[in-house]
1. Considering only residues that are in contact (Cβ under 8 Å) with a residue 40 or more places away in the chain, part of a helix (DSSP H, G or I) and surrounded by fewer than 22 Cβ atoms within 10 Å (Cβ to Cβ), which ones fall in the stretch 258-283?
2. Within the stretch 188-225, work out how many residues are under 26 Å from residue 76 (Cα atoms), in contact (Cβ under 8 Å) with a residue 40 or more places away in the chain and in a loop (DSSP other than H, G, I, E, B).
3. Among the residues of the stretch 143-153, is any crowded, with 20+ Cβ neighbours inside 10 Å, modelled with pLDDT of 95 or more and under 16 Å from residue 216 (Cβ atoms)?
4. When you look at residue 115, is it closer than 26 Å to residue 164 by Cα, in contact with a strand residue (DSSP E or B) (Cβ under 6 Å, 6 or more places away or on another chain) and buried (at least 19 other Cβ atoms within 10 Å of the Cβ), yes or no?
5. Cβ-Cβ under 7 Å, sequence separation 6+ or interchain: first residue in the stretch 139-166 and on the phi < 0 side of the Ramachandran plot, partner part of a helix (DSSP H, G or I) and modelled with pLDDT under 95. Which pairs?
6. Surrounded by fewer than 20 Cβ atoms within 10 Å (Cβ to Cβ), at pLDDT 95 or above and touching a helix residue (DSSP H, G or I) at 6+ places or on another chain (Cβ under 6 Å): does that describe residue 125?
7. Output the residue which, of all residues in the stretch 178-187 that are in a helix (DSSP H, G or I) and out of contact with any helix residue (DSSP H, G or I) (no Cβ under 6 Å at 6 or more places or on another chain), is modelled with the lowest pLDDT.
8. Is it true that residue 134 is in contact with a helix residue (DSSP H, G or I) (Cβ under 6 Å, 6 or more places away or on another chain) and within 16 Å of residue 43 (Cα to Cα)?
């Protein structure tokens, strides 16, 4: 079981330590009571990126936001830094916190980790999945053009990893602002600056290892097997993934819908937090057993 001597508790968010297989302590932000809602961050981010959303939803859910291995307050440990390892860690956290009937939301790499966890460990504890601006395969090639919108392929991905290892600070400072829509970079002000600083605080070698693993992942074979409701959240101004990527997910998953955020880039939960929180809560109410989910249609989502 996690140690309840939280690292800190501020504003109703407690920090728990969940022991992982190699002895590493996973730092997990937990708040509220009610049905389980899990928020999984992206590459070189951490649970704090969801703090606004966590505060907004803690009056209705037990909101759980982990720092994945090598991110935030969770050390990299001795286990290999791979998406599969992050998925195994997440499964251990599910067991330690007795998570069940959860709505799980994965932002960017967080969605890849959730896909891998469900492929390796099943989805019996999950009532519904939210995919926030992510592709099932980030690299492009002659047969797949719905990876990252910049057209990155295996060779350019390797060059990016080399740059991460050579000068992580410069790479992070160039990469982080591009997660936001161009117009919101000025609108977000201090939030944008905070994000850049938090990205840069991570270890470049660790991030390069995880990028390499993420680039090797291909969740496309998993998608048709996911027999659970899925809400795909797409930033209409995203420079990471195109609307066609979201359409592919909706067409491939058995039960999926898309919600587009007109003012957002790659991070709708930061750029439009109020609407993002509402979209998450509405979806959870519909799909969780304890929620009011009798209505078969969604006021937010569409299949097109």
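The values are calculated or read from the model by the stated rules, or taken from the named source; none is laboratory data. None of these values were measured; they are calculated from a predicted model. Because the Cβ atoms are built from the backbone with ideal geometry, glycine has one as well, and the counts that use them run over all protein chains shown.
1. As a first pass, look at the stretch 258-283 and keep what is in contact (Cβ under 8 Å) with a residue 40 or more places away in the chain: 258-259, 263-271, 273-274, 276-277, 279-281, 283.
Remaining after also requiring part of a helix (DSSP H, G or I): 268-271, 273-274, 276-277, 279-281, 283.
Of everything in the stretch 258-283, those that are in contact (Cβ under 8 Å) with a residue 40 or more places away in the chain, part of a helix (DSSP H, G or I) and surrounded by fewer than 22 Cβ atoms within 10 Å (Cβ to Cβ) turn out to be 273, 274, 277, 281.
2. Total meeting the criteria: 5.
3. Taking every residue of the stretch 143-153 in turn, at least one turns out to be crowded, with 20+ Cβ neighbours inside 10 Å, modelled with pLDDT of 95 or more and under 16 Å from residue 216 (Cβ atoms).
4. Numbers: closer than 26 Å to residue 164 by Cα: yes; in contact with a strand residue (DSSP E or B) (Cβ under 6 Å, 6 or more places away or on another chain): no; buried (at least 19 other Cβ atoms within 10 Å of the Cβ): yes.
So residue 115 fails the test.
5. none
6. Judged against the criteria, residue 125 is a match.
7. Keep residues of the stretch 178-187 that are in a helix (DSSP H, G or I), which gives 178-179, 184-187.
Now narrow it down to the ones that are out of contact with any helix residue (DSSP H, G or I) (no Cβ under 6 Å at 6 or more places or on another chain): 178-179, 186-187.
Values: 178: 89, 179: 91, 186: 73, 187: 78.
Top of the filtered list is 186.
8. Details: in contact with a helix residue (DSSP H, G or I) (Cβ under 6 Å, 6 or more places away or on another chain): yes; within 16 Å of residue 43 (Cα to Cα): yes.
So residue 134 passes the test.
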